[in-house]
Amino acid sequence: MSRADGTGRTISGTCLCSNSGTGCSSMDKLPRVCVVSPLYHPHLGGVGRQAVALTEKLHAAGVRLFVICRNIPGLPDWEPAQDIEVRRLPAFGSRKHDLEEKTLGNMLISLSFCLNLLLALFRYRNEYDLVHFHGASLPLIFSVMPLKLMRKKIVAKVAGAKMKIEAGSFRGAYLFLGDIFIRILRRVDAFVAISSEIRDDLLKDGFDPAVIHEIPNFILPGQFHPLHDPDARERLKKGLGIDSADRALTFSGRLVKRKRVDVLLGAMAEVLRRRSDVVLIVLGQGEMKAGLENMARSLGIQDRVVFRNFVPNILDYLHITDIFVFPSGKEGLPNALLEAMACSLPVIASRIGGVTDIVKDRENGLLVAPGDQQELGKAILELLDDELLRRNLAANAAETIRSGYGIESIAPRYLDLYRKAAYEV
């Protein structure tokens, strides 16, 4: 099945060469791709958002692909999304989509998805040449050897830097399976490391440098952008219930232990001893939420901390933010940080791998020691007191994103990677 792309080329999912009469070499071809992302629209998170945006961009570039993800009750098992086939597989307890905690229930969800994934990969084996895993954990581990028996190529994106069962780093699976895990993963044709720390971890585990490709996360042009209209900003603050006189600090992300929002609450208490015109907005959900709300009450700052679940209008909250604070203790390359910087916000973040790839201290943000409540509080107060520093950091943050983290510069690197993984011997 072929179609014309309007430029005289034929797109069958494998060939994008011109009609020059010279034919195509293997490196002119694009393989047919099966995308495996346990989290996909509408249950996203950082890994899921990246998977959706990249898949749509690669599809628009002519890649024939379909998506396999975990089922969400109320949605069909097979549906088109942006003209892309999404095939949802059942899993035990599918109503739960955040599997970061290592619990028996989460393991059952992930294992049941893995078993159904194996059946699906076999059933659809004639529809793809390469499988792209968003996240390098149990679904990948279960699938490597069957895919190799079917002579399929494998690309695995290592998206996180913490022990997870499903949708991120594979350090937890490494501890669970030991050397067997490493031997299985040596059969993967290409790894995508989203940060230098992840790349270094792969090298330390003995993976061939030739199969490791450092490709960062990205931002969609126009999706996150600054707001320069002060009147519009004031209207947004009023609509979101934030006093116009308050300076807004914002955190967004899952409320899990490694995000260290507890450290941010402690720092906020110290800030409020110096200034009364500051409000903290915490955007996110997770098993730590109730405990964090209790902590805010015990610190006596509950009236100055606003908790919101994941919101569809996150851009509105970023547009009323004065300082974005990201105190996480372990990350890959956090999307929340990229989004804030794209909105030209001054950011304060932990000095950890992944973050230090993008935030340069006192150039486009401030870096503090992870878990250091006092240093974080001092950094917040410094930025609140120094308008010139805030402006300089904000402008440099936006330029950092514009110059190297747009999807237009990232997507072609995936196209090249697909070709290399599929056709180079």
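The values are calculated or read from the model by the stated rules, or taken from the named source; none is laboratory data. This one's a predicted model, so the numbers in the text were calculated from it and none came from an experiment. Using ideal geometry, Cβ is built from the backbone for each residue, glycine included, and neighbour counts are taken over all protein chains shown.
Within the stretch 237-256, the set of residues being free of Cβ contacts under 8 Å to residues at least 60 places away in the same chain, among the aliphatic types (A, V, I, L, M) and surrounded by 12 or more Cβ atoms within 10 Å (Cβ to Cβ) comprises LEU255 only.
When each of LEU108, LEU44 is tested for being aliphatic (A, V, I, L, M), modelled with pLDDT under 90, closer than 27 Å to ALA336 by Cβ and out of contact with any strand residue (DSSP E or B) (no Cβ under 9 Å at 6 or more places or on another chain), the lone residue that passes is LEU44. Looking across the stretch 316-339, the residues that are out of contact with any Gly (no Cβ under 6 Å at 6 or more places or on another chain), part of a helix (DSSP H, G or I) and not hydroxyl-bearing (Ser, Thr, Tyr) come down to ASP316, LEU318, HIS319, LEU337, LEU338, GLU339.
LEU264 fulfils the conditions (1) surrounded by fewer than 16 Cβ atoms within 10 Å (Cβ to Cβ); (2) of a type outside the set (Asp, Glu); (3) farther than 27 Å from GLY406 by Cβ except for a single criterion, (1). Filter the stretch 340-389 down to the residues that are in a helix (DSSP H, G or I), under 17 Å from the mean Cα position of the chain (by Cα) and buried (at least 22 other Cβ atoms within 10 Å of the Cβ) and list them by number. Those that are in a helix (DSSP H, G or I), under 17 Å from the mean Cα position of the chain (by Cα) and buried (at least 22 other Cβ atoms within 10 Å of the Cβ): ALA340, MET341, ALA342, VAL355, ILE358.
Every residue, every condition in (1) touching a Pro at 6+ places or on another chain (Cβ under 6 Å); (2) modelled with pLDDT under 95, yes or no:
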residue: VAL158; (1), (2): no, yes
residue: ALA167; (1), (2): yes, yes
residue: ALA173; (1), (2): no, yes
residue: SER196; (1), (2): no, yes
residue: ASP201; (1), (2): no, yes
residue: ASN217; (1), (2): no, yes
residue: PHE224; (1), (2): no, yes
residue: ALA232; (1), (2): no, no
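Flag: VAL359 matches the condition of being over 23 Å from GLY239 (Cα atoms) and touching a helix residue (DSSP H, G or I) at 6+ places or on another chain (Cβ under 9 Å). Of the residues GLU197, GLU234, the single one that is touching a residue at least 40 places away in the same chain (Cβ under 8 Å) and among the charged types (D, E, K, R) is GLU197.
Within the stretch 299-315, work out how many residues are assigned to a loop (DSSP other than H, G, I, E, B) and farther than 10 Å from LEU265 by Cα. The number of residues fulfilling the criteria is 6. Is it the case that the stretch 384-394 has a residue that's among the small types (Gly, Ala, Ser) and over 25 Å from ALA269 (Cα atoms)? No - not one qualifying residue is present in the stretch 384-394.
Given the condition small (Gly, Ala, Ser) and at positive phi, answer yes or no: does some residue in the stretch 266-285 qualify? Within the stretch 266-285 (the criterion being small (Gly, Ala, Ser) and at positive phi), the answer is yes, since at least one residue qualifies.
Of all residues in the stretch 212-251, those that are in contact with a Leu (Cβ under 7 Å, 6 or more places away or on another chain), among the aliphatic types (A, V, I, L, M) and within 30 Å of ARG413 (Cα to Cα) total 2. Scanning the stretch 397-413 for residues that are in a helix (DSSP H, G or I) and under 16 Å from the mean Cα position of the chain (by Cα), we see that the one that is nearest to PHE324 (Cα to Cα) is ILE401. Suppose the filter is within 23 Å of the chain's Cα centre (by Cα) and assigned to a helix (DSSP H, G or I); does ARG233 pass it? The answer is no for ARG233. Answer with yes or no whether VAL131 is at pLDDT 95 or above and not charged (D, E, K, R). Yes. In the set ARG297, ARG304, only one residue is within 16 Å of ARG247 (Cα to Cα), in the same structural domain as ASP385 (by TED's automatic domain parsing), at pLDDT 95 or above and not hydroxyl-bearing (Ser, Thr, Tyr); that residue is ARG304. Of all the residues in the stretch 110-142, those that are free of Cβ contacts under 8 Å to residues at least 40 places away in the same chain, in contact with a Leu (Cβ under 8 Å, 6 or more places away or on another chain) and more than 16 Å from PHE181 (Cα to Cα) number 1.
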